Amino acid sequence: MHRPHQPSPHTTAAIDDEATDLPGAAVLNAPPAPFALDLAQALLRQHYGLQAQFSPLSGERDANFLVTPEHGPRAMLKISHPLESPLVADFQTQALRHLAQSDPSLPVQRLWPTLDGADAVLLPCPGGQTRVMRLFSYLEGLPMPQAPRSAAQRASVAQALARLDRALAGLQHPASTLALPWDIQYAHRARGLLRHVPDPARRALAARALDAFETQALPRLAGLRRQAIHNDFNIYNLLVDPAAPERLSGILDLGDMVHAPLVDDLAVAASYQIEVEGDALGTIADFCAAYHAVLPLQSAELQALPALIRARLAMVVAISGWRAARQPDNAPYLLRNNPISWARLQALDGLDPVHASAVLHQACGLPLPSF
């Protein structure tokens, strides 16, 4: 397995310039925004009437706390980053409301209303910014990175994603079209960030993935069906049943939702399921077939999928390396997916698009396209 690369030194100005083409990079640029624990406890009492023990939870942007009340189930208090628009938080809120109506058995969090029945509390910050505070149900389960992996588990993940996407269909929100740095539609704009990869061979490997995106996927995107998607269905956002780790028990973090081609959601999820020791394309095909059994895919989506998966992996190593250079104290967290992402990029390097498309079509039982 590859070791994570060490970010090369850059001045802040140079690093900022490199990301000017990356949509919505301002929040990623910013360091985490902590929130005082005693103030969070006071706000919980004031707005939710709860007296509870608090412990911090990890998070990429928001301040998160595990809330253990004196009586009743545990919850999670989330306080958004001050640079993130409250409109983004409302998109997540409305998505949870939509999911509760369209597929109430999906294992997603539920919002706890405030004492006056509101979904959230707006907290004014210095400089005119606003942080959004919300309380969610706490999903119990084993984080998927700590669980054994299996083909049955991958199928469960694919089927859950298909259910989630089917349930999200029809959701409309003004924030769904806001620029987002992790949107695969703009993968090519992360190319400049590859200069943080000091190894020329690795840099070329990621660049080839972006080349494939620009030639094999980008021209097709305008013709693909679009909707609101989760956009971050990675193993760190999934929980499994400890007694039956092949069964998905929780779906977390709607913070990267966007309106985009539906197949982008499948590409993100599949990129985290690839088995590098063995048949990487076969793993993707099995994952697609499990998704297709719940939410049928279209031929044009399957033709774009391999390049979209490679693009997502290239984005992971490019964006995380750039962010680690800006936030060295948070580098271990930011680079946690890099070693396996490099290995997966290597496993898919040189993938023949015609062969890959044929394998995916056969796995889903669709007629082969003519090229």
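Per the listing Y236, Y291, the residue uniquely of a type in the set (S, T, Y) and surrounded by 23 or more Cβ atoms within 10 Å (Cβ to Cβ) is Y291. Looking at A187, A204, A175, A179 in this structure, which one is within 20 Å of F233 (Cα to Cα) and surrounded by fewer than 16 Cβ atoms within 10 Å (Cβ to Cβ)? Unique residue meeting the criteria: A179. Would you check if P369 is in a loop (DSSP other than H, G, I, E, B) and either in contact with a His (Cβ under 6 Å, 6 or more places away or on another chain) or at negative phi (or both)? Taking the combined requirement at face value, the residue satisfies it.
Checking D199 against (1) surrounded by fewer than 22 Cβ atoms within 10 Å (Cβ to Cβ); (2) under 16 Å from P107 (Cα atoms): exactly one of these is not met. Which one? Here D199 meets the rest and fails (2).
Scanning segment 47-65 for residues that are over 16 Å from A36 (Cβ atoms), within 21 Å of the chain's Cα centre (by Cα) and open to solvent by less than 60 Å² (accessible area, probe 1.4 Å) returns E60, R61.
The set of residues from segment 1-60 being modelled with pLDDT under 50, of a type outside the set (S, T, N, Q) and in a loop (DSSP other than H, G, I, E, B) comprises M1, H2, R3, P4, H5, P7, P9, H10. Restricting Q159, Q101, Q153 to residues that are in a helix (DSSP H, G or I) and without any contact (Cβ under 8 Å) to a residue 12 or more places away in the chain narrows the list to Q101. If you filter segment 207-226 down to residues that are closer than 30 Å to A95 by Cα and open to solvent by 30 Å² or more (accessible area, probe 1.4 Å), you find that the one that is nearest to the chain's Cα centre (by Cα) is R226.
Looking across segment 95-136, the residues that are under 20 Å from H81 (Cα atoms) and either out of contact with any helix residue (DSSP H, G or I) (no Cβ under 9 Å at 6 or more places or on another chain) or loosely packed, with under 12 Cβ neighbours inside 10 Å (or both) come down to L96, P124, C125, P126, G127, G128, Q129. Being open to solvent by 10 Å² or more (accessible area, probe 1.4 Å), in contact with an Asp or Glu (Cβ under 8 Å, 6 or more places away or on another chain), closer than 26 Å to A89 by Cα and not small (G, A, S), is that true of even one residue in segment 259-269? Taking every residue of segment 259-269 in turn, none turns out to be open to solvent by 10 Å² or more (accessible area, probe 1.4 Å), in contact with an Asp or Glu (Cβ under 8 Å, 6 or more places away or on another chain), closer than 26 Å to A89 by Cα and not small (G, A, S). There is no residue in segment 304-325 that is out of contact with any Gly (no Cβ under 9 Å at 6 or more places or on another chain), open to solvent by 20 Å² or more (accessible area, probe 1.4 Å) and not small (G, A, S). Residue count for segment 341-362 satisfying the condition of being open to solvent by 40 Å² or more (accessible area, probe 1.4 Å) and either over 13 Å from R202 (Cα atoms) or in a helix (DSSP H, G or I) (or both): 8. Every listed requirement among (1) surrounded by fewer than 20 Cβ atoms within 10 Å (Cβ to Cβ); (2) part of a helix (DSSP H, G or I); (3) at pLDDT 95 or above is met by Y333 save one, (3).
The values are calculated or read from the model by the stated rules, or taken from the named source; none is laboratory data. Here the structure is a predicted model, which is why all the values come from computation and not from measurement. Cβ sites come from the backbone with ideal geometry, for glycine too, and all protein chains shown count toward neighbours. Only protein heavy atoms, including side chains, enter the accessible area calculation; ligands, DNA and RNA are left aside. Shrake-Rupley method; radii C 1.70, N 1.55, O 1.52, S 1.80 Å.
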